[in-house]
Amino acid sequence: MSATQDAAAVALVTGAASGLGAALTDLLLRRGARVLALDLRAAALDARHADRPQLWKRAHDVRDRSDAQRVVHELVSRWGRLDLAIHNAGVVGGGALEAFDPTDSDRILDVNLRGVLHGTEAAYAQMVRQRAGQIVNVASMAGLHPVPYSSVYAASKHAVVGLSLSLREEARAHGVRVSVACPGLIATEIFASARDAAGYGYGERVASVPGGALTPAAAAAAVLHGSERDDALIVFPRSSRALALGARVAPGLLRWAVGRTMKPPA
């Protein structure tokens, strides 16, 4: 039985105040899990999630490695173990690299890569001691194929994919499972409010995607379904699975297609 199928499961979710993280928290609670909801924005956590016995809300900056370790220690002290850790917190940013602010580059790498690493280190240490548990790191389709004008963001997501798939192989010996989720576009605040280096809104890109973006609720269901199956790569929706297949079997053709279709923002 997977961690998400166990009604008494103990889970943590980062970036839980909005978007996919909030939807994951809601779905886990509906399934009867006890959940530690983490976000840098404590007020947003309180506004998004009503108090209930099986929910614990805590402010947390994923860039703080020491606090990531404290989070796991406090969780285990409170509920005895950690069954599922979903590292979802992330930021976006893009534009031509020559116009990109190095401060923004550092922020993207600090949150998207180091933040996931810090959480993974802390959760994994506890799960090794337990000889059980599951880690799901949330990357992006940008971690599986090239994304022009989002080079730093794509680099952070490629790194999360590499971290997760590599750790998955060594974690087997300890009874720990590791997956990485690579969703297509999700209609969340992170995209609606983000703008690239040229001032082009990511919300406009989401609106221009054929078929539109996934709702956070649909994305959360896909993540938990993939974790229950113990998929190494949790890729969704179907159109994204086709892209992932193309990246494996015809990478040159996919690079050509991406290069032709993704033009500099006006």
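Each value in this text was obtained by applying a stated rule to the coordinates, not by laboratory testing. The shown structure was predicted, so the numbers you read here are calculated from the model rather than taken from an experiment. Cβ: placed from backbone, ideal geometry, glycine included. Neighbour counts: every protein chain shown.
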In nanometres, the difference between 0.36 nm per residue of separation and the alpha-carbon distance of residue 61 and residue 107 is 15.3 nm
Sort the following peptides by mean Cβ neighbour count (other Cβ atoms within 10 Å, averaged over residues), highest first: 122-128, 182-188. 182-188, 122-128
Just subtract the alpha-carbon distance of residue 46 and residue 239 from 0.36 nm times their residue separation and send over the number in nm, one decimal. 66.0 nm
Modelled label-to-label distance, residue 174 and residue 31, 7 Å Cα→beta-carbon offset: nm? 2.2 nm
Which order do the peptides 222-231, 12-21 take when ranked by the mean count of other beta-carbon atoms within 10 Å per residue, highest first? 12-21, 222-231
In nanometres, the difference between 0.36 nm per residue of separation and the alpha-carbon distance of residue 232 and residue 121 is 38.1 nm
